[in-house]
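K.L.:
Take a look at the following structure, please.
The values are calculated or read from the model by the stated rules, or taken from the named source; none is laboratory data. On a predicted model such as this, the values are computed, not experimentally measured, just so you know. Neighbour counts run over all protein chains shown; Cβ positions are idealised from the backbone, glycine included. In case anyone asks, the SASA skips ligands and DNA or RNA and just uses the protein heavy atoms, side chains included. Shrake-Rupley method; radii C 1.70, N 1.55, O 1.52, S 1.80 Å.
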Protein chains: 6
Amino acid sequence: MASEGLNRADGRGFDQLRPVNITRGYLKTADGSVLISMGETRVLCTATVEDKSPPFLKGTGRGWVTAEYSMLPRSSRIRVPRESRLGRVGGRTHEIQRLIGRSLRAVCDLGLLGERTVIVDCDVLQADGGTRTASVTGAYVALVDTLSALVSTGEISSLPVVDSVAAVSVGIVKGRTLLDLNYEEDSNADVDMNVIMTGGAKIVEIQGTAEQKAFSREEMLCLVDMAEKGIRELTALQKSLSL
Amino acid sequence: MASEGLNRADGRGFDQLRPVNITRGYLKTADGSVLISMGETRVLCTATVEDKSPPFLKGTGRGWVTAEYSMLPRSSRIRVPRESRLGRVGGRTHEIQRLIGRSLRAVCDLGLLGERTVIVDCDVLQADGGTRTASVTGAYVALVDTLSALVSTGEISSLPVVDSVAAVSVGIVKGRTLLDLNYEEDSNADVDMNVIMTGGAKIVEIQGTAEQKAFSREEMLCLVDMAEKGIRELTALQKSLSL
Amino acid sequence: MASEGLNRADGRGFDQLRPVNITRGYLKTADGSVLISMGETRVLCTATVEDKSPPFLKGTGRGWVTAEYSMLPRSSRIRVPRESRLGRVGGRTHEIQRLIGRSLRAVCDLGLLGERTVIVDCDVLQADGGTRTASVTGAYVALVDTLSALVSTGEISSLPVVDSVAAVSVGIVKGRTLLDLNYEEDSNADVDMNVIMTGGAKIVEIQGTAEQKAFSREEMLCLVDMAEKGIRELTALQKSLSL
Amino acid sequence: MASEGLNRADGRGFDQLRPVNITRGYLKTADGSVLISMGETRVLCTATVEDKSPPFLKGTGRGWVTAEYSMLPRSSRIRVPRESRLGRVGGRTHEIQRLIGRSLRAVCDLGLLGERTVIVDCDVLQADGGTRTASVTGAYVALVDTLSALVSTGEISSLPVVDSVAAVSVGIVKGRTLLDLNYEEDSNADVDMNVIMTGGAKIVEIQGTAEQKAFSREEMLCLVDMAEKGIRELTALQKSLSL
Amino acid sequence: MASEGLNRADGRGFDQLRPVNITRGYLKTADGSVLISMGETRVLCTATVEDKSPPFLKGTGRGWVTAEYSMLPRSSRIRVPRESRLGRVGGRTHEIQRLIGRSLRAVCDLGLLGERTVIVDCDVLQADGGTRTASVTGAYVALVDTLSALVSTGEISSLPVVDSVAAVSVGIVKGRTLLDLNYEEDSNADVDMNVIMTGGAKIVEIQGTAEQKAFSREEMLCLVDMAEKGIRELTALQKSLSL
Amino acid sequence: MASEGLNRADGRGFDQLRPVNITRGYLKTADGSVLISMGETRVLCTATVEDKSPPFLKGTGRGWVTAEYSMLPRSSRIRVPRESRLGRVGGRTHEIQRLIGRSLRAVCDLGLLGERTVIVDCDVLQADGGTRTASVTGAYVALVDTLSALVSTGEISSLPVVDSVAAVSVGIVKGRTLLDLNYEEDSNADVDMNVIMTGGAKIVEIQGTAEQKAFSREEMLCLVDMAEKGIRELTALQKSLSL
């Protein structure tokens, strides 16, 4: 609907993603290093392979994929104190990095990976909403680039990845269902939902929260449908990279 | 359906809750103190009112509700080391206590509460799956009991609670959609979902995770519908307590 | 003496214990799990066996028994902040758990135990004075139940326990020597003493502190004698359980 | 008995203290700074006055006396890792510094002290048994020297100290009751007891522990009597300093 | 000497800087945000003004400038674990951020700044030697940009900066004195020196370390002279930005 | 110049060291234990050998020398809180102990040392400026004494030390270049420099900081020359000990 496109502060349609950009090979120091931007949100995703599994998998022949997430102090208008100074990783950080890790594992064949651990680091350079979903979408690319390098060197026989994965936020703001909320919209949302789907449009994770008022089964469905539309576009972008 | 009842290890039907028990006034030391059991899962929920808001609400006239969650070391067959010994609160704990806090705030009128903080402590005495959802359901009762005491003494003019809230887990295990998973079932689930709803059957929070394989929009709907059935029963139990 | 019974706030005689209750098998998740109550004080004691000694005993063929103690946040009228949040175990906690550990080791044959570590967790559900002494008395029962299970399965040839152990507090309050102080009495005590004795009425540990004024050798003797009386009763109760 | 004097490894009688030396004004940087040696054990005790009470005494007009204890890394033949490196104060340290603090408070008039906090630091330069009791004896002198300086300057009207305090260890080693155990003796003790008494020979604190075997009421009395003998000598030494 | 230029692995002359690039306004979220690159070393420097001094300056009318430094995990070929995970800021980090803070304060008029704190964050995106010196050079630009914004809004009457500051590393590698060492050269250096100078070519800080063998007064002078040459070029670049 | 000697508050000439005293064998518990005093500054240096290298040297046949530094709480007129209480080692401490470690390694043959770690502990009993340089000078003596003991027992074939090392501070105070600053002078210094040199008068480390105003190349040379004079005297003292 044309009229919808006129109503968001940045001129986007209600079901329109912000401009997305994925830069591979952002760092010379890491095989898989990706800068993903969604609008003003910019996240640096890198993947590192370590040659052993975590203790709970030792001897099983299976590997693990995990993630760490952090915001640089001035990724935000109000400076975010460093967690290293506070001496502990905060609750929000834990929640996000666990989400990213689960999402990546959902599309990996951990048996094929063998007893290795892949750590995907997602460091937010600039935050304008949707940093966790941008992290998932970018982390997938960094992961594949790193694992492809292992395949190239013959360390792994074939790519231990069974599908792609991407994520987007949706929400209900002032009665309107919106795709890919920026910080301003997110701050005013009644409902906030993050959806993570495979390239085959199956759900890997859905997290919907009533920030201001509880929502109905029908509203939930609208949100999921709009998220699916956005994720299909992100998946298409990932595919266009010929990973 | 009679046939369904035959298929779960503990003899329950697929859409049947475990026996639920809510004991109010469990401790003499706290106005709101509730022991909730769902099958073998037992959680002690207590609510404490402190006479100031957190810093970010100071001067706004509004209050806050927050939660802390912990498992006693032998709530589990394998002893869980104390987080006090490790010197930090773990990621899973952070994730759960943030969920409980959000769920309770969703049914509170924080302006009516005034500049107070309610801390709801959920300590798991025995764990057999569903500890976070049992915590939400029990925490609501402890919260109301504590706030009612404030109303009785005239500190608050009326109960700053706008609806009830309850939670349950659902999942897909070996192709079957199950309500209220115990530990054994949870360990084998392909999909695990926690749903939190108000007494009016609106969704407060939904968190669905593909533990083993991604799920479809249709499977998501089945899970939500079954969760709604369970939550209606828990809501009825909460109402029967005449809080 | 009849007149003494009239003088304590809860109607007890000066040398009378509060009602004591020991519930074995309190949790399904632990072989040795005991809820002990002394009046309103309620402590959950569980024992866990791990299959290795601490580093300083490695290779000696000897085992170790240690304890951890914690108060649930609302075990007290004033909420006690969680030590996991503070990021460290406090001085009082350290002091108490070291006391419990020493007391249990005093009645164990650590050579017979072999290179194993038993961790006894004492978690205070409700505190009304005497939590550390109740912990010792209950921990002994949890310890024996756990070790008996090891004997049953043949992992240990015979019970590595050489005597029972129990504990009680005594004190001087307003000039009167009292047995088994509750919180109110403890807060007003001039002298506070914890005594731990074996079933054979030998002293394992004695800790007497002048909270308000120093005490004489004679007062010390009166306190120890009254403690012995109380511990004999606790020992009788432990024996009645046919551990 | 003369024969007793022949039996200890260092030639002391069973009821004989090691040579004790108290050097006042050990540091130019602190009014109260004392080096106490008991045999090879050397502890530096300093006292610092801060111009406010701890939070729990704010507004009461009363002050507080507290202690901190630490062993220098090479105070011991086996290097003791620094607690600053470990990131936390250990259980033994907590136990000891709480003991020292309680002992000093037992002879102070905290109302007369006013809303001030005295921190007494006890740093062990060299350890050969009895560091906690030497700390108490030395800390008392440092405390009085510091408070006397406050009286001199008129900040406090009179010395808020009501009696002296000193401490010593006693123990049962190979069936013999010994006074003032050195490290070698302490390592072989069946029973270890620390006794803290006022100048008037009243008990401030008694802590007796069966390291190897439980002890009787009679043995306890012998230990206390021998400790009293030693403390009388330490008190005489403290008095000779004309504090 | 032309022949010298041929001898470094990257084709540089011995006294030649790597290509330097300073991008201002790198982030939209911070007034002063600079990306500085020196060869492959890339550091993001941002400056934040907080409206109060640190406690030790409270009430003096003076402000403070401080710095925090961190390496992103994959700024290095070998992943650097996050200090937030380790729970503490490491020694090298402390050393570097203290150096940056001192360097910036050396060119600030802290009285003119007033009771404010400027925090300059230096986050290394990619490390190839010289990250601390690049941080100083970039941090100066971020600092001026942030303070200029305060002057623009009238919060400060004039720029509280009295000179520019820049830094460079020099070293002795295989007998040759080199300017601006990259990682490879730094790893093989016998002597490593960091020099920080004002725009007026006065020394703010000099830190020279014999990594492999001690150096003479004459070698020290050669190093300082070469550093001065490099810093003059960096100063010229800073001036060309018309801060 | 005779007139210069008249101008320092303590009567010293501008280029004169404070009285230096080095006491070996200060503790019976450590082979290498040295008390060094420079004027009122007193530091206890002890050296401990552990029978393994740090992880990064494992299997290389090489050893390591490291240092730890700490100030006792009342080494200073204003009490310094314990880092063990704060739960972390501070930035200044890190900076100093890294400096001491580097200085000692510069004169050791780590291959000859073999896979051992020497930890040199420098604990400041009393601080009056120059604690880090006194630590280096004293630590060298403790190190040699400890290693000599290893040579005596045949554990090491020859002393793995190739030169002596000593350190001193210099500074510019009110326009005058001064040697060996005490606390009062250090607090008023415009420039503060620490110089560490071998017995052969080569520079191991130089750290010069403009505390108040930047300094010229010429001033730097004057400072280094004066430091060399002082270090030659300290070296002579070290040699006189016939280590």
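K.L.:
So which residues in the stretch A:165-176 are out of contact with any Leu (no Cβ under 6 Å at 6 or more places or on another chain) and in contact (Cβ under 8 Å) with a residue 40 or more places away in the chain, if there are any at all?
P.N.:
Filtering the stretch A:165-176 for residues out of contact with any Leu (no Cβ under 6 Å at 6 or more places or on another chain) gives A:165, A:167-168, A:172-176.
Residues satisfying the conditions are A:V165, A:A167, A:V168, A:I172, A:R176.
K.L.:
Tell me which residues, restricted to the stretch B:154-195, are more than 26 Å from C:T29 (Cβ to Cβ), under 17 Å from the mean Cα position of the chain (by Cα) and assigned to a strand (DSSP E or B).
P.N.:
B:V161, B:V165, B:V195
K.L.:
Would you mention how many residues in the stretch D:4-56 are open to solvent by less than 60 Å² (accessible area, probe 1.4 Å) and aromatic (F, W, Y)?
P.N.:
2
K.L.:
Taking B:E83 as the residue in question, decide whether it is open to solvent by 30 Å² or more (accessible area, probe 1.4 Å) and at the interface with chain C (Cβ under 7 Å from one of its Cβ atoms). Steps first, answer last, please.
P.N.:
On the way: open to solvent by 30 Å² or more (accessible area, probe 1.4 Å): yes; at the interface with chain C (Cβ under 7 Å from one of its Cβ atoms): yes.
Against the criterion (open to solvent by 30 Å² or more (accessible area, probe 1.4 Å) and at the interface with chain C (Cβ under 7 Å from one of its Cβ atoms)), B:E83 qualifies.
K.L.:
Among (1) buried (at least 16 other Cβ atoms within 10 Å of the Cβ); (2) out of contact with any Asp or Glu (no Cβ under 6 Å at 6 or more places or on another chain), where does A:V168 come up short?
P.N.:
Here A:V168 meets the rest and fails (2).
K.L.:
Examine the stretch B:175-194 for a residue that is open to solvent by 20 Å² or more (accessible area, probe 1.4 Å), more than 10 Å from chain A (Cβ to nearest Cβ) and more than 30 Å from A:W64 (Cβ to Cβ), and state whether such a residue exists.
P.N.:
No, the stretch B:175-194 contains no residue that is open to solvent by 20 Å² or more (accessible area, probe 1.4 Å), more than 10 Å from chain A (Cβ to nearest Cβ) and more than 30 Å from A:W64 (Cβ to Cβ).
K.L.:
How do the pairs read when you match residues in the stretch D:223-239 that are touching a residue at least 12 places away in the same chain (Cβ under 8 Å) with residues anywhere that are part of a helix (DSSP H, G or I) and crowded, with 21+ Cβ neighbours inside 10 Å, using Cβ under 7 Å and keeping only pairs 6 or more apart or on different chains?
P.N.:
D:L234/D:T137; D:Q238/D:Y140; D:Q238/D:V141
K.L.:
Quick one: A:L113 ticks every box in (1) surrounded by 22 or more Cβ atoms within 10 Å (Cβ to Cβ); (2) in contact with an Asp or Glu (Cβ under 9 Å, 6 or more places away or on another chain) except a single one, so which number is it?
P.N.:
Single failed check for A:L113: (2).
K.L.:
Take the residues in the stretch E:71-80 that are surrounded by 18 or more Cβ atoms within 10 Å (Cβ to Cβ) and charged (D, E, K, R), then tell me which one is nearest to the chain's Cα centre (by Cα).
P.N.:
Residue satisfying both the conditions and the ranking: E:R74.
K.L.:
Answer yes or no as to whether F:L104 is open to solvent by less than 20 Å² (accessible area, probe 1.4 Å), closer than 26 Å to C:G91 by Cβ and among the hydrophobic types (A, V, I, L, M, F, W, C).
P.N.:
no
K.L.:
Using the structure shown, decide if E:A149 is over 19 Å from the mean Cα position of the chain (by Cα) and in contact (Cβ under 8 Å) with a residue 60 or more places away in the chain. Write out each step before concluding.
P.N.:
Numbers: over 19 Å from the mean Cα position of the chain (by Cα): yes; in contact (Cβ under 8 Å) with a residue 60 or more places away in the chain: yes.
For E:A149, the condition - over 19 Å from the mean Cα position of the chain (by Cα) and in contact (Cβ under 8 Å) with a residue 60 or more places away in the chain - is met.
K.L.:
Inside the stretch E:81-118, can you point out the residues that are in contact (Cβ under 8 Å) with a residue 60 or more places away in the chain and hydroxyl-bearing (S, T, Y)? Step through it out loud before you land on a result.
P.N.:
Taking the stretch E:81-118 and keeping what is in contact (Cβ under 8 Å) with a residue 60 or more places away in the chain, we get E:99, E:102-104, E:106-107, E:115-118.
Hits for the stretch E:81-118 are E:S103, E:T117.
K.L.:
Still on this structure: How many residues are within 12 Å of chain E (Cβ to nearest Cβ), polar (S, T, N, Q) and over 23 Å from E:E95 (Cα atoms) if we restrict to the stretch F:195-243?
P.N.:
Matching residues across the stretch F:195-243 total 2.
K.L.:
Return the total of residues in the stretch C:196-243 being of a type in the set (G, A, S) and either assigned to a strand (DSSP E or B) or surrounded by 16 or more Cβ atoms within 10 Å (Cβ to Cβ) (or both). If you could, list the steps in order and put the result at the bottom.
P.N.:
Here is the first cut: in the stretch C:196-243, the ones of a type in the set (G, A, S) are C:199-201, C:208, C:210, C:214, C:216, C:227, C:230, C:236, C:240, C:242.
Narrowing the set further to residues that are either assigned to a strand (DSSP E or B) or surrounded by 16 or more Cβ atoms within 10 Å (Cβ to Cβ) (or both) leaves C:199, C:208, C:210, C:214, C:227, C:230.
The qualifying residues number 6.
K.L.:
Would a scan of the stretch E:128-146 turn up a residue that is in contact with an Asp or Glu (Cβ under 6 Å, 6 or more places away or on another chain) and of a type in the set (A, V, I, L, M, F, W, C)?
P.N.:
No, the stretch E:128-146 contains no residue that is in contact with an Asp or Glu (Cβ under 6 Å, 6 or more places away or on another chain) and of a type in the set (A, V, I, L, M, F, W, C).
K.L.:
Right, something else. Check whether at least one residue in the stretch C:114-124 is over 13 Å from the mean Cα position of the chain (by Cα) and away from chain B (no Cβ under 14 Å), and report yes or no.
P.N.:
If we filter the stretch C:114-124 for residues that are over 13 Å from the mean Cα position of the chain (by Cα), which is where we start, we get C:114-119.
Filter again for away from chain B (no Cβ under 14 Å), leaving C:114-115.
Scanning the stretch C:114-124, I find at least one residue that is over 13 Å from the mean Cα position of the chain (by Cα) and away from chain B (no Cβ under 14 Å), so the answer is yes.
K.L.:
I need the full set of residues from the stretch A:53-73 which are in contact with a Gly (Cβ under 9 Å, 6 or more places away or on another chain) and of a type in the set (K, R), in order please.
P.N.:
Once the filter is applied, which keeps residues that are in contact with a Gly (Cβ under 9 Å, 6 or more places away or on another chain) and of a type in the set (K, R), the stretch A:53-73 yields only A:R62.
K.L.:
Assess whether F:R88 counts as being facing chain D (nearest Cβ under 9 Å) and either acidic (D, E) or part of a loop (DSSP other than H, G, I, E, B) (or both).
P.N.:
Details: facing chain D (nearest Cβ under 9 Å): yes; either acidic (D, E) or part of a loop (DSSP other than H, G, I, E, B) (or both): yes.
In short, yes.
K.L.:
With the structure loaded, tell me whether E:S148 is at pLDDT below 95, away from every other protein chain (no Cβ under 13 Å) and surrounded by fewer than 18 Cβ atoms within 10 Å (Cβ to Cβ) or whether it fails that test. Break it down into steps so the answer makes sense when it comes.
P.N.:
On the way: at pLDDT below 95: no; away from every other protein chain (no Cβ under 13 Å): yes; surrounded by fewer than 18 Cβ atoms within 10 Å (Cβ to Cβ): yes.
The answer is no for E:S148.
K.L.:
Another question, if that's okay. When residues of the stretch B:91-112 are filtered for being outside any helix (DSSP H, G or I) and more than 7 Å from every other protein chain (Cβ to nearest Cβ), how many remain?
P.N.:
Start the filter on the stretch B:91-112 by keeping residues that are outside any helix (DSSP H, G or I), which leaves B:106-109.
Pick out the ones that are also more than 7 Å from every other protein chain (Cβ to nearest Cβ) and you get B:107-109.
Matching residues across the stretch B:91-112 total 3.
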